[in-house]
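> I'd like to ask you about the structure that follows.
The values are calculated or read from the model by the stated rules, or taken from the named source; none is laboratory data. Predicted, not measured: the structure shown is a model, and the values here were computed from it. No Cβ is skipped: glycine too gets one built from the backbone with ideal geometry, and neighbour counts run over all protein chains shown. Ligands, DNA and RNA are stripped out before the accessible areas are found, and what is left, the full protein with its side chains, is counted by its heavy atoms. Shrake-Rupley method; radii C 1.70, N 1.55, O 1.52, S 1.80 Å.
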Amino acid sequence: LKKVRPGETLWYSMWENVWRSAPEMKDARSQLKLYFTSDRRLLYSSGNQNSGAVQFAYDPKNPPSFPGSGCLIIGGMYAQPKPGFRKDVLSFVSEPFSERYIVRGKMKLDLTVTSDCDDTSFYVRTSIRKRDGKWYTLRDDIKSISWDNENYVPGSEAKVSYVLSDHAFAIEEGDRLRM
């Protein structure tokens, strides 16, 4: 095990089977931006994209469940169900990456949503598909419309923003990301 030094972040690189360290995580010098599309793709681009709307109905009597968590996991990273395993769980998937990216720091996510309820919570999960064809969770979070929009009116548009915990991982050529 590598020793932790003040001012550095230490992590285990699962797919490389090695401990790594780097200066304390700060805002990245560069950013990889991904955009949702109405046909449930994640596109990476340097400009703003207009994604279109995607709709679903949630049944509180039959809530989805997900293996593991995207942060503190006892027993390691759990493989996730394939995209589209339920109609009320929307998966947005990127094309295979054409080059390697080292990701360090925070992931941020903004959703523009509408709901027919006074308050609705939205659970987000970022996963990566590695060479073995399995999806692994990177980070997850849950937040309600009312957290960012105190006086939400059902049917109106609202923005729900997430800042996920610091993370360090490699996107290899051929890997895909999923939200």
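> Please identify the chymotrypsin sites (Phe, Trp or Tyr not before Pro) of the stretch 79-179 that satisfy two criteria: DSSP loop assignment and at most 16 other Cβ atoms within 10 Å. Which are they? Each step should come with its number before you reach the end.
Numbers: sites: F85, F92, F97, Y101, F122, Y123, W135, Y136, W147, Y152, Y162, F169; in loops: F85, F92, F97, Y152.
Here the chymotrypsin sites (Phe, Trp or Tyr not before Pro) that fit, given the DSSP loop and packing criteria, are F85.
> Per the Kirkwood formula on distinct C-alpha pairs, the Rh of the stretch 56-179 is how many angstrom? Provide the component values of the computation, followed by the final result.
Values: mean 1/r = 0.0629 Å⁻¹.
The Cα-based Kirkwood calculation yields 15.9 Å.
> Follow-up question, since we're still on this one. Just flag the GluC sites (Glu not before Pro) in the stretch 84-179 sitting in loop per DSSP whose Cβ has no more than 14 other Cβ atoms within 10 Å. Could the numbers behind the result be given before it?
Numbers: sites: E99, E150, E157, E172, E173; in loops: E99, E150, E157, E172, E173.
Passing sites in the stretch 84-179 are E99, E150, E157, E173.
> With an 8 Å Cα cut-off and a minimum separation of 6 or more residues, compute the relative contact order for the stretch 55-160 in percent.
Values: 130 pairs, mean separation 31.1, N = 106.
Once divided by the residue count of the stretch 55-160, the mean separation gives 29 percent.
> Counting only protein heavy atoms and a 1.4 Å probe, tell me what percentage of the stretch 55-179's accessible area is made up of carbon and sulfur. Don't skip to the answer; put the middle values down first.
Values: 3760 of 7520 Å².
Result for the stretch 55-179: 50 percent of the exposed heavy-atom area is carbon or sulfur.
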